[in-house]
Amino acid sequence: MAITICSDKATAYAKGGKLGRDYLTIADCSMAAENMLLAAHALGLGACLVKSFSTAAVEEILELPDGIEPELILIIGYPDETPTVPPKHPLEKIAFLDKYGKVWSRSKG
């Protein structure tokens, strides 16, 4: 299955100005995609986001009206295999306390 996640730039601009049109539409689409990825995983499905596609072709195939732009395509299906989970970065390398570079303390107190 393929789900195309679209933005409505005109409505976003009318409600949120330049920030709504240029940034929040992408953030909203990304959050929607993340929720769908989590739901697919919970159902035992495999999923992958695609951003590299012909926007014009997708607009034509889906007969999208003016102002509606495809941002992401989410591919969902039954996986043939379970890939090895890559190692996670240690928390101390990716999250900081109060300011950039100040390491979280794992000790209680």
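Where a number appears in this text, it was derived from the coordinates with a stated rule and is not lab data. Quantities reported herein were computed from a predicted structural model and do not represent experimental measurements. Note: ideal-geometry Cβ built from the backbone for every residue, glycine included; neighbour counts use all protein chains shown.
Which of (1) surrounded by 12 or more Cβ atoms within 10 Å (Cβ to Cβ); (2) among the acidic types (Asp, Glu); (3) farther than 25 Å from ASP22 by Cα does ASP98 not meet, given it meets every other one?
(1)
Regarding the stretch 56-71, can at least one residue be identified that is surrounded by 13 or more Cβ atoms within 10 Å (Cβ to Cβ), of a type in the set (A, V, I, L, M, F, W, C) and touching a helix residue (DSSP H, G or I) at 6+ places or on another chain (Cβ under 6 Å)?
So far as the stretch 56-71 goes, no, none of its residues is surrounded by 13 or more Cβ atoms within 10 Å (Cβ to Cβ), of a type in the set (A, V, I, L, M, F, W, C) and touching a helix residue (DSSP H, G or I) at 6+ places or on another chain (Cβ under 6 Å).
Can you confirm whether ILE68 is touching a Cys at 6+ places or on another chain (Cβ under 9 Å), among the β-branched types (Val, Ile, Thr) and farther than 14 Å from MET1 by Cα?
So ILE68 fits the description; yes.
May I ask you to list the residues in the stretch 67-109 that are of a type in the set (Val, Ile, Thr) and within 30 Å of ALA39 (Cα to Cα)?
Across the stretch 67-109, the qualifying residues are ILE68, ILE73, ILE75, ILE76, THR82, THR84, VAL85, ILE94.
Please specify each residue of the stretch 45-65 satisfying the condition of being free of Cβ contacts under 8 Å to residues at least 12 places away in the same chain, farther than 15 Å from SER7 by Cβ and part of a loop (DSSP other than H, G, I, E, B).
Across the stretch 45-65, the qualifying residues are SER52, SER54, GLU63.
Only one of these conditions is not met by ALA40: (1) in contact with a Gly (Cβ under 8 Å, 6 or more places away or on another chain); (2) loosely packed, with under 11 Cβ neighbours inside 10 Å; (3) closer than 14 Å to ILE5 by Cβ. Which number is it?
Only one criterion in (1) in contact with a Gly (Cβ under 8 Å, 6 or more places away or on another chain); (2) loosely packed, with under 11 Cβ neighbours inside 10 Å; (3) closer than 14 Å to ILE5 by Cβ is unmet by ALA40, namely (2).
Out of THR25, THR11, report the one residue that is surrounded by 13 or more Cβ atoms within 10 Å (Cβ to Cβ), of a type in the set (S, T, N, Q), over 19 Å from the mean Cα position of the chain (by Cα) and outside any loop (DSSP other than H, G, I, E, B).
Step by step, each of THR25, THR11 is checked, and only THR11 is surrounded by 13 or more Cβ atoms within 10 Å (Cβ to Cβ), of a type in the set (S, T, N, Q), over 19 Å from the mean Cα position of the chain (by Cα) and outside any loop (DSSP other than H, G, I, E, B).
Given (1) surrounded by 11 or more Cβ atoms within 10 Å (Cβ to Cβ); (2) touching a strand residue (DSSP E or B) at 6+ places or on another chain (Cβ under 6 Å), identify the lone condition not met by GLY20.
Only one criterion in (1) surrounded by 11 or more Cβ atoms within 10 Å (Cβ to Cβ); (2) touching a strand residue (DSSP E or B) at 6+ places or on another chain (Cβ under 6 Å) is unmet by GLY20, namely (2).
Could you list, in sequence order, all residues of the stretch 70-109 that are in a loop (DSSP other than H, G, I, E, B), closer than 29 Å to PHE53 by Cα and among the aliphatic types (A, V, I, L, M)?
VAL85
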